[in-house]
Every structure is written in C-alpha cells, then in structure tokens.
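The values are calculated or read from the model by the stated rules, or taken from the named source; none is laboratory data. The shown structure was predicted, so the numbers you read here are calculated from the model rather than taken from an experiment. Here the Cβ positions follow ideal geometry from the backbone for every residue, glycine too, while neighbour counts run over all protein chains shown.
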Amino acid sequence: SKDVYFSPALDMFSHHAPEKVRGGILAEEMGLGKTVISLALVLLNPAPPAPESGTKVASFDLGKPDTSMQNGWTKGGKTGRPTSENSASRGSIFSRGTLVVCNVSLVGQWTDEAKSKLKDPGLICSYHGTNREKNATILAKNAIVVTTYATLASDAFYHKNKSNSTRYC
C-alpha cells in the first residue's frame, strides 16, 4: 500500500511526498492579523539554541562538523556561513533574533503589536530613524528587530564605503 498525499492548493492527490515549503505569501486585508500570524511563526520557529546571542567571534567557517550538535551548529559556535575577507577584522556577532523588514509606515505598528502580544516586550527593538541604536552587540540581544528597506540600504552603503574592500559582506 503506497502513501497518498493531498495538496489543498492544487486540489490533487499524489503518491510522491511534497517538497518542504520554504516560504509563502500572507495576503489578507487590513486588520485581519498578518502581524500576529507572523509573530506566531517567529515563535514556532526559534533559532538554534547555541551560540549565545551577542557572542562576538573573530571569524567563522564550517570546519569539521560535529554530528552530536543539532540544527546545523558545530562546536565552538561555528556555522557554515561564508566568511568575507573583512569578517575577521570587523568581527561577527551571532544573534538568535528575527529581523523584520517593512515599509516605514509599518515600523511603529509592528513594534507596538509585538510588544502588546509577547510575554517579554523588552526584547522588541525598532531600528529606524537617526537616533537608532547602532551597537550591534545590543541589537543582537533582541528577539525581534524591526527596520525598513531604506535603513538597511543606508547602512549597507555606509559600511561598504567605510570598508577598504571591493567586496563587502
């Protein structure tokens, strides 16, 4: 007896298991809870437990994976992320937080909604405006950081120009 899978999106049956879903679209009218649904997804999919948020590292590479660790982490807090030529001099900071990037008109709504719904509203940070916190170690300790497309572009432009490298990041 073969397993049978059903796709409600296609209204079809198949004997082949569906591929893992890696994204989606949440398209609802205003006021129907898109922010709350997104917060629930963040809480249901936490980051791996180690390394500790805010841990500064000089550089990182895959090295030899330790199969006793879980969720893609290896001993020493190393991950398989690629290194850039400047990563050792800049340092890198691990964070277990979630970065929410939205239009400027939604930053306040996102932070207010998150603070009203979560147990520890002190872990929500708005990274926007001229007085924003720019200390990466402090930002890395937040559970959710809300910013804008323009802020990210501005910071990337600033750091690229400050860098001596032709390839930044």
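Quick notes on this one:
- Residue within segment 100-109 that is modelled with pLDDT under 85, part of a loop (DSSP other than H, G, I, E, B) and not aromatic (Phe, Trp, Tyr) present: no
- Residue count for segment 94-110 under the criterion of being over 16 Å from Leu41 (Cα atoms) and crowded, with 17+ Cβ neighbours inside 10 Å: the result is 3.
- Flag for Thr147 being in contact with a His (Cβ under 8 Å, 6 or more places away or on another chain), closer than 21 Å to Asn103 by Cα and assigned to a helix (DSSP H, G or I): no
- Neighbours by Cβ (under 9 Å, 6+ apart or cross-chain): first from segment 81-105, under 27 Å from Thr35 (Cα atoms); second part of a helix (DSSP H, G or I) and at pLDDT below 55: Phe94/Gly77
- Among the residues of this structure, Lys34 counts as one that is surrounded by 10 or more Cβ atoms within 10 Å (Cβ to Cβ) and charged (D, E, K, R).
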